[in-house]
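Remarks on the structure that follows.
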Amino acid sequence: MAKVRFIGPSTVTVPELGRTVEPDEVVEVPDARYDGYVCQPVNWEPVEEPKTAPAKAAAKTVKGDD
């Protein structure tokens, strides 16, 4: 799972996570939903990217080197 930090001004309820999140709190989010959080830079900042993303990039690089 990826990690993001909530940087909004007040506590929010995140139904997808089934909980509330406090300002400056780091939470784990499903890898498939990571982009849905970090595309909102006013509210969320990346902490740890999904582990599957670098593997995909590496696979593309290898294919391009052939």
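Among (1) modelled with pLDDT of 95 or more; (2) assigned to a helix (DSSP H, G or I); (3) among the polar types (S, T, N, Q), there is one condition THR61 misses while meeting the rest; what is its number?
Here THR61 meets the rest and fails (1).
Consider only pairs whose beta carbons are under 7 Å apart and that are at least six residues apart or on different chains; among these, list those whose first residue lies in segment 29-41 and is touching a residue at least 24 places away in the same chain (Cβ under 8 Å) and under 17 Å from THR13 (Cβ atoms) and whose second residue is surrounded by 12 or more Cβ atoms within 10 Å (Cβ to Cβ) and among the β-branched types (Val, Ile, Thr).
Once the first residue is touching a residue at least 24 places away in the same chain (Cβ under 8 Å) and under 17 Å from THR13 (Cβ atoms) and sits in segment 29-41, its partners that are surrounded by 12 or more Cβ atoms within 10 Å (Cβ to Cβ) and among the β-branched types (Val, Ile, Thr) give VAL29/VAL4; TYR37/VAL4; TYR37/VAL29.
If the Cβ limit is 8 Å and pairs must be 6+ apart or interchain, which residue in segment 1-21 that is at negative phi pairs with which residue that is of a type in the set (Val, Ile, Thr) and in a loop (DSSP other than H, G, I, E, B)?
ILE7/VAL42; GLY8/VAL42; THR20/THR11; VAL21/THR11
Does PRO46 satisfy the criteria of being in a strand (DSSP E or B) and either under 11 Å from the mean Cα position of the chain (by Cα) or at pLDDT below 95 (or both)? If you could, list the steps in order and put the result at the bottom.
Numbers: in a strand (DSSP E or B): yes; either under 11 Å from the mean Cα position of the chain (by Cα) or at pLDDT below 95 (or both): yes.
So PRO46 passes the test.
The values are calculated or read from the model by the stated rules, or taken from the named source; none is laboratory data. Please read these numbers as outputs of a predicted model, since none were measured by experiment. Note that each Cβ is placed from the backbone with ideal geometry, even for glycine, and that neighbours are counted across all protein chains shown.
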